[in-house]
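Student: To start, I am sharing the structure in question, which I have written as structure tokens.
The values are calculated or read from the model by the stated rules, or taken from the named source; none is laboratory data. Here the structure is a predicted model, which means the values were calculated and not measured. Positions of Cβ are generated from backbone atoms using ideal geometry, with glycine treated the same way; all protein chains shown enter the neighbour counts.
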């Protein structure tokens with residue numbers, strides 16, 4: 001999809017940053033010396049008006065479109081912003097700006113497929129209560145590989161990547 005991101009950035013009047021942004025979202029703060037790393041607290045920054053919320057929602061929709069099709073590195077940030085989009089604050093707007101700076105740094109992502117002797121592999125992981133609001137994060141990486149022996153390099157081609165936050169699930173047994 002050449003040109004999708006530059007057209008999107010132009011439509012949003014987003015200026016290309018003078019310093020490239022090499023990460024789609026800021027790294028979480030690490031508290032050294034503690035055994036448990038806690039999720040961020042509630043966002044206390046000023047809320048956005050309805051026009052700002054609509055802007056955030058349109059950016060998430062346009063970004064999620066290309067994230068699912070082509071650039072899976074955007075999925076976690078899209079999910080983080082998507083959770084906050086109906087109650088957007090200035091921090092949500094800053095995170096959205098960070099994401100657009102990243103997209104401006106990498107304006108034409110691509111996928112190259114090569115024919116190999118392939119086997120479908122799936123790797124998944126999750127973290128419990130690691131996202132604000134009693135949510136957990138889940139991720140999965142589906143790929144084609146050619147080598148079942150993990151001691152040798154694995155030639156891979158990604159098929160599907162899932163990265164999302166989930167609400168805490170409570171099950172009652174009677």
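Student: Please name all residue pairs, on different chains or six or more residues apart, with Cβ atoms under 9 Å, provided the first residue is in segment 19-36 and is at pLDDT below 85 and the second residue is part of a loop (DSSP other than H, G, I, E, B).
Tutor: Partner pairs satisfying both residue conditions: 28/37; 28/39; 28/40; 29/37; 29/40; 30/37; 31/37; 31/38.
Student: I need the full set of residues from segment 37-56 which are over 17 Å from residue 80 (Cα atoms) and either touching a strand residue (DSSP E or B) at 6+ places or on another chain (Cβ under 7 Å) or modelled with pLDDT under 90 (or both), in order please.
Tutor: Scanning segment 37-56 gives 37, 46.
Student: Which one is nearest to residue 92 (Cα to Cα) among residues in segment 32-42 that are surrounded by 10 or more Cβ atoms within 10 Å (Cβ to Cβ) and more than 19 Å from the chain's Cα centre (by Cα)?
Tutor: 38
Student: Would you be able to tell me the number of residues in segment 97-126 that are under 26 Å from residue 137 (Cα atoms), surrounded by 12 or more Cβ atoms within 10 Å (Cβ to Cβ) and at pLDDT 75 or above?
Tutor: Residues flagged as under 26 Å from residue 137 (Cα atoms), surrounded by 12 or more Cβ atoms within 10 Å (Cβ to Cβ) and at pLDDT 75 or above within segment 97-126 amount to 9.
Student: Can you tell me which of (1) exposed (fewer than 11 other Cβ atoms within 10 Å of the Cβ); (2) without any contact (Cβ under 8 Å) to a residue 24 or more places away in the chain is the one residue 46 doesn't meet?
Tutor: With respect to (1) exposed (fewer than 11 other Cβ atoms within 10 Å of the Cβ); (2) without any contact (Cβ under 8 Å) to a residue 24 or more places away in the chain, residue 46 is out only on (2).
Student: Look at segment 1-56 and say how many of its residues are assigned to a loop (DSSP other than H, G, I, E, B) and over 15 Å from residue 105 (Cβ atoms).
Tutor: Qualifying residue count for the region: 27.
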